[in-house]
Amino acid sequence: MIRSLAACAALGLAAGPAAAIELVLPQGARPISERSSPLGSYALPTGPFAGGTLPVRQVEGRVLRQSWRLAAQGQTTLQILAPLRDQLERAGFTIVLDCKDSECGGFDFRFATEVVPAPDMYVDIRDYRFVSATGPAGAAVSLLVSGDRNASYVQVIYVTPVKAPAAAPSPEPEAPAPAAGDAAEAGGLAATLTAQGHVVLPDLSFASGADALDPGSYASLNALAAYLVAHPEIVIALVGHTDSIGDLAQNIALSTRRAESVRARLVEAYGIDPARGQAEGMGYLAPIASNLSPAGREANRRVEAILLSGS
């Protein structure tokens, strides 16, 4: 098994509020895709494909789907998978299914289980390895390793149980106008913006791959709007940022559209003069954390307010 994993990529997988696992991939592993759903379901394979069916267990919660690419280094699928499987077991996970190509069900298994679409994941039906496991706090994870003569691919699907919302959000919610109750929050935001020249708006929410700001009220926008109302001379820029997954030009375009969506919310919901805000995008050119872990990539996906002028 491969044990020389210095300077490796790391997958930060939260296993619950009191536990976490960092899966360390071999040196040179590069993230290809990542999709996260705050509340979804995954059919976790629990046995090989047989009798026309694939045994699965439906697990629900926050679903993280990732794929990684490793340049061809002469490693077998088992050499890549084995250290990852060992890390899961050391972290308290119980292996549910551990099989290879024909043992899993070959062609039928590959097309019955969930696989990240090509070109972000490649599966050779004659040479792949699969592991599913359950862990602390009801977490579940699956690993799929395969490749071709040029590269190897690793797929990780991770589910962390979460409580479903108590009630569905109100239809077409509208952000409230700034109120006196926002004073403390606005004061902290104003102090950071004045002292540093920029401040992250940390609670904004966008659907994966979407550029429209999700409906609802955001404390950071309430605070920013209250500050702008109180200081009509202030002009800001809203700057969007992304993680490092994907093409730079596409990421710049997406981050710009997200910044414009935030600007539009300030104008439409709070009555801020459009001339007092610009919208720009930086893509992945200004990270504030490492892009080698999910937590770092999540931190890098953000919108910031930047002070341009004002007393």
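The values are calculated or read from the model by the stated rules, or taken from the named source; none is laboratory data. This is a predicted model, so every value here is computed, not measured. Glycine also receives a Cβ, built like all others from the backbone with ideal geometry; neighbour counts cover every protein chain displayed. For accessibility, only protein heavy atoms count, side chains too; no ligands or nucleic acids. Shrake-Rupley method; radii C 1.70, N 1.55, O 1.52, S 1.80 Å.
Looking at this structure, is residue 76 farther than 13 Å from residue 145 by Cβ and either among the polar types (S, T, N, Q) or in contact with a helix residue (DSSP H, G or I) (Cβ under 9 Å, 6 or more places away or on another chain) (or both)?
Here the answer is no, as residue 76 does not meet what is asked.
Counting only residues that are within 16 Å of residue 130 (Cβ to Cβ) and among the basic types (Lys, Arg), which one in the range 53-104 is surrounded by the most Cβ atoms within 10 Å (Cβ to Cβ)?
Only one residue fits best here, namely 65.
Is it the case that residue 296 is in a loop (DSSP other than H, G, I, E, B), within 30 Å of residue 24 (Cα to Cα) and modelled with pLDDT under 90?
The answer is no for residue 296.
So if I check each of 50, 15, 19, 43, which one is among the small types (Gly, Ala, Ser), modelled with pLDDT of 90 or more and either under 21 Å from the mean Cα position of the chain (by Cα) or within 16 Å of residue 115 (Cα to Cα) (or both)?
43
Can you pull out the residues in the range 34-92 that are closer than 14 Å to residue 142 by Cα, touching a Lys or Arg at 6+ places or on another chain (Cβ under 7 Å) and of a type in the set (Ser, Thr, Tyr)?
The answer is 46, and nothing else.
Need the failing condition index for residue 267 against (1) farther than 13 Å from residue 303 by Cα; (2) out of contact with any helix residue (DSSP H, G or I) (no Cβ under 7 Å at 6 or more places or on another chain); (3) modelled with pLDDT of 90 or more, just the number.
Checking residue 267 against (1) farther than 13 Å from residue 303 by Cα; (2) out of contact with any helix residue (DSSP H, G or I) (no Cβ under 7 Å at 6 or more places or on another chain); (3) modelled with pLDDT of 90 or more, the one that fails is (2).
Since residue 307 meets every condition but one in (1) open to solvent by 30 Å² or more (accessible area, probe 1.4 Å); (2) of a type in the set (A, V, I, L, M, F, W, C); (3) within 19 Å of residue 211 (Cα to Cα), which condition does it not meet?
Only one criterion in (1) open to solvent by 30 Å² or more (accessible area, probe 1.4 Å); (2) of a type in the set (A, V, I, L, M, F, W, C); (3) within 19 Å of residue 211 (Cα to Cα) is unmet by residue 307, namely (3).
Which of the residues spanning the range 216-272 are in a helix (DSSP H, G or I) and β-branched (Val, Ile, Thr)? Show your work before the answer.
Taking the range 216-272 first, the residues in a helix (DSSP H, G or I) are 219-230, 248-270.
Hits for the range 216-272 are 229, 252, 256, 262, 267.
Can you tell me how many residues within the range 263-288 are touching a Lys or Arg at 6+ places or on another chain (Cβ under 8 Å) and either open to solvent by less than 50 Å² (accessible area, probe 1.4 Å) or under 12 Å from residue 239 (Cα atoms) (or both)?
Here the count works out to 4.
Could you list, in sequence order, the residues of the range 107-130 that are surrounded by fewer than 19 Cβ atoms within 10 Å (Cβ to Cβ), assigned to a helix (DSSP H, G or I) and either free of Cβ contacts under 8 Å to residues at least 24 places away in the same chain or under 22 Å from the mean Cα position of the chain (by Cα) (or both)?
Those that are surrounded by fewer than 19 Cβ atoms within 10 Å (Cβ to Cβ), assigned to a helix (DSSP H, G or I) and either free of Cβ contacts under 8 Å to residues at least 24 places away in the same chain or under 22 Å from the mean Cα position of the chain (by Cα) (or both): 107, 111.
With 264, 253, 275, 249 as the choices, which residue is of a type in the set (A, V, I, L, M) and over 30 Å from residue 33 (Cβ atoms)?
Values: 264 fails: over 30 Å from residue 33 (Cβ atoms); 253 fails: over 30 Å from residue 33 (Cβ atoms); 249 fails: over 30 Å from residue 33 (Cβ atoms).
Among 264, 253, 275, 249, only 275 is of a type in the set (A, V, I, L, M) and over 30 Å from residue 33 (Cβ atoms).
Which condition number in (1) open to solvent by 50 Å² or more (accessible area, probe 1.4 Å); (2) in contact (Cβ under 8 Å) with a residue 60 or more places away in the chain is the one that residue 234 fails?
(1)
Exactly one condition in (1) in a helix (DSSP H, G or I); (2) touching a residue at least 60 places away in the same chain (Cβ under 8 Å); (3) of a type outside the set (Lys, Arg); (4) open to solvent by 30 Å² or more (accessible area, probe 1.4 Å) is false for residue 202; which is it?
The number of the failed condition is (1).
Yes or no: residue 158 assigned to a loop (DSSP other than H, G, I, E, B), among the aromatic types (Phe, Trp, Tyr) and either modelled with pLDDT of 90 or more or more than 30 Å from residue 74 (Cβ to Cβ) (or both)?
Spelling it out, it is not the case that residue 158 is assigned to a loop (DSSP other than H, G, I, E, B), among the aromatic types (Phe, Trp, Tyr) and either modelled with pLDDT of 90 or more or more than 30 Å from residue 74 (Cβ to Cβ) (or both).
Kindly evaluate residue 260 against the criterion of being out of contact with any Cys (no Cβ under 6 Å at 6 or more places or on another chain), open to solvent by 50 Å² or more (accessible area, probe 1.4 Å) and farther than 25 Å from residue 297 by Cα. Full working, then the answer.
Working: out of contact with any Cys (no Cβ under 6 Å at 6 or more places or on another chain): yes; open to solvent by 50 Å² or more (accessible area, probe 1.4 Å): yes; farther than 25 Å from residue 297 by Cα: no.
Taking the combined requirement at face value, the residue does not satisfy it.
List the number of the failed condition for residue 137; all other conditions in (1) over 25 Å from the mean Cα position of the chain (by Cα); (2) at pLDDT below 90 hold.
In the conditions (1) over 25 Å from the mean Cα position of the chain (by Cα); (2) at pLDDT below 90, residue 137 misses (1) alone.
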